[in-house]
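J.: Following this message is one structure expressed as structure tokens.
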Amino acid sequence: MRKSVITILAVFAAALFTAEAQVHLSERVYVSTDRDVYVAGDEMFVSAFCLNASGGGLSNVSRIAYLELVSAEGPVQTAKVALDGGRGGGVISLQNTIPTGEYRLVAYTSQCFNEEGYNFLEGARTISIINPFTTARASSGVEILSPEEYLRLEDGNVRPAAGGISLDTDGPVIITNNSATAVTLSLSVFNDDGIPSPRSVNPVSFAAGARAGRVFEDRRTIDFEGEIIRAKLVGTPQDIEAAKGSAAYLCVPGRTSDIYPALLESDGTASFYTKNIYGQTNLVLDAGAASGNAHLEIISPFAGVKDPDIPALPFSYALQDRILQRSMAMQVLRASHADSLFTVLPIPNDTHFFADSVVYYLDHYTRFPLMEELFVEYISEVGFHRTSNGRELHVILKDDFRTVPIPQQACLVLLDGVPVPDHNLIIEYDPLLVEKIVVYPNTYFIGNRTYPGIVNLVTYRRDLPSYPFGNNVRVVDYQGVSYPVVNWLPAVSGNVPDLRQTILWHPLIELAPGESRVLEYVLPSYQGRFKVVVEGFDLSGTPQCASGVLTTK
């Protein structure tokens, strides 16, 4: 007899890759951005390059980079970027409450915490943000200059030509790799309206300062498959003590494959090994029945960097018209819901549960007011089993001989992808809230538990409506990894002017030796001068830089 078995790597993955977590290498994360000067509320497009400072080239170890936009007091905004082979991209929507001033964009991985004496500010990018909606200023201050003094300022972020990259900006932008090795790049074409960039890092200066560490201490496990979400138990000492060693779950409502178990450690913490969760979403944290009224709270993965040495932002009141233009462009883009953005990398689907699933769309059947009647009348793959605690759902498993034994162990029941340990709650659930029921009639492993089949009830709203959570469960807001995006089309159409400041951005360009890439773009409604900046590294970690100019009349 053959059974289809799908293994979900969660708790087992932690043990399997422990050796990987002990790798002592120095990772350094360089971040390129579409611009260096923004107004509050802008979209900041980012591209991450994770370098192996110990061995050279890109690092293939960490799968997530953590970003902090830092002031003298600490982070004003954070983000996460998924890494694949040391590369990733994303977008940060700058808050419109950020005070005017200079900031540092800091990037690092979990492995950086293991390096003794690691300087989180090493290689940080300097970003200027101007907020036209408030008089608030960053603590680093603003230096007011006369129009004449401001005109004498030089652009501080000069990207020197380096490597074997060449640019052709006559018509479409053409990038050519003239070197003998493959390169990975980011490209930005943005409006040059005369506001100079702050003095900042570039690939050449970053690579020159990327020194490998010598002493390591294993404080954090590397995010070798995706972000390791850490949580701690909060509750009475009695409840916390009772919960130690028991199983907890982390889930994303609406995503069947995002179920991550963990064991509660002796210190009351749990580590959930995820495959990276994208976007701003909700998490369901279930501390397990043994925890009583104790619940889990997520531990922040960020370092909380501060930089008291950030310089003052040079500014002049002669910039009024240019700042107004940028502010209008930002507001038009926000009002248009950023139609120009689309994802470059595919977002993971429910790959864990794909074999032989049976789907019942309830609108295709006569609706019953009771869930039990629905299962009895329509869903032949599921039966009921009475226990001392009520009733359990059991899936009739498939095999080559088409026998129909009902297993003694209950199946895993999900509501919008969230495990429901008490099946009586599902039997009493309102079927009018459910769009479809998906049955997976095979054996599955989740962590250290085996389930003979899975039943997933998917509601219309995908957010577990009317489900009564226990005191040991919390639904929390979660900041996942950013979606990697390309920006090259107008954000609006019709009679609304296209005022985009960045008219072309691509975070992930791969070029083989001798290869050229043609990148089309659409010019905005206004005329002017545009900078073209290409930044990156080759496979050995050698910096690659090129820049050019576009002019429209």
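J.: Give the calculated FRET efficiency between Asn389 and Arg219 to the nearest 0.05, with a Förster radius of 45 Å applied to their Cβ-Cβ distance. Walk me through the intermediate numbers first.
T.: On the way: r = 43 Å, r/R0 = 0.95.
For Asn389 and Arg219, the calculated efficiency is 0.55.
J.: Contour minus end-to-end for Thr236 and Asn119, with contour as 0.36 nm per residue of separation and end-to-end as the Cα-Cα distance?
T.: That works out to 38.3 nm of additional length.
J.: Angle between the Cα long axis of helix 320-335 and the longest principal axis of the chain, 0 to 90 degrees, nearest 10?
T.: Helix 320-335 and the main axis of the chain meet at about 20 degrees.
J.: Still on this model: Between Glu372 and Phe133, what is 0.36 nm times their sequence separation minus the Cα-Cα distance? Round to one decimal in nm.
T.: Gain in length upon complete extension: 80.3 nm.
J.: Sort the following peptides by mean Cβ neighbour count (other Cβ atoms within 10 Å, averaged over residues), highest first: 175-182, 200-207.
T.: 200-207, 175-182
J.: Here's something else I'd like to know. Identify, among Ala182, Tyr249, Gln331, the residue whose Cα sits farthest towards the positive end of the charge dipole of the chain, taking +1 on the Cβ of Lys and Arg and -1 on the Cβ of Asp and Glu, with the dipole about the Cα centre.
T.: Ala182
J.: Per residue, how big is the convex hull around the C-alpha atoms of the stretch 74-116? Give it to me in cubic angstrom, could you? Intermediate results must be reported in sequence, preceding the final value.
T.: Working: hull volume 4.4 nm³, N = 43.
Looking at the stretch 74-116, the number lands at 103 Å³ per residue.
J.: I'd like the distance separating the alpha-carbon centroids of the stretch 226-254 and the stretch 152-205, in whole Å.
T.: If we compute the Cα centre of each part, the gap is 47 Å.
J.: Also, quick follow-up: Across the Cα atoms of the stretch 195-236, what radius of gyration and what greatest pairwise Cα-Cα distance (Dmax) are found, in Å?
T.: In order Rg, Dmax, the Cα atoms of the stretch 195-236 give 18.8, 56 Å.
J.: Let's see if you can work this out: charge +1 on each Lys and Arg Cβ, -1 on each Asp and Glu Cβ, no other charges. What is the dipole magnitude of the stretch 433-499 about its Cα centre, in debye to the nearest 20?
T.: Around 320 debye, computed over the stretch 433-499.
J.: Distance cut-off 24 Å, Cα to Cα: go down the list Lys80/Lys436; Lys275/Lys306; Lys232/Lys436; Lys80/Lys306 and report the pairs above it.
T.: With Cα atoms farther than 24 Å apart: Lys80/Lys436; Lys275/Lys306; Lys232/Lys436.
J.: Here's something else I'd like to know. Over the chain, what number does the Rg to Rh ratio reach, with both radii from the alpha-carbon atoms and Rh per Kirkwood?
T.: 1.03
J.: Size of the dipole of the chain about the Cα centre, Lys and Arg at +1 and Asp and Glu at -1 on the beta carbon, nothing else charged, in debye to 20?
T.: The dipole of the chain has a size of about 240 debye.
J.: Would you mind computing, in nm to one decimal, how far apart the modelled labels at Ala312 and Ser266 are, each placed 7 Å from Cα along Cα→Cβ?
T.: Once both label points are built, they end up 5.6 nm from each other.
J.: Give me, ordered by chain and number, the residues 5 or more places off Asp192 or on other chains with an amide H under 5 Å from its own placed amide H.
T.: Arg529, Phe530, Lys531
J.: Still on this structure, please answer the following. So in the chain, what percent of DSSP beta bridges are antiparallel if you round to the nearest 5?
T.: So the antiparallel bridges in the chain amount to around 90 percent.
J.: Still on this structure, I have one more. Roughly what would the spin-label model give for Ala161 and Asp321, points 7 Å off Cα along C-beta, in nm?
T.: 3.4 nm
J.: Report, in deg cm²/dmol and to the nearest 500, the calculated mean residue ellipticity at 222 nm for the chain, where each DSSP H run with n ≥ 4 adds -39500 (n - 2.57) and the sum is divided by the residue count.
T.: Value at 222 nm, helices only, nearest 500: -2500 deg cm²/dmol.
Here, each number is a calculation from the coordinates, and none is a lab measurement. Values in this document were obtained by computation on a predicted structure and should not be read as measured data. Cβ: placed from backbone, ideal geometry, glycine included. Neighbour counts: every protein chain shown.
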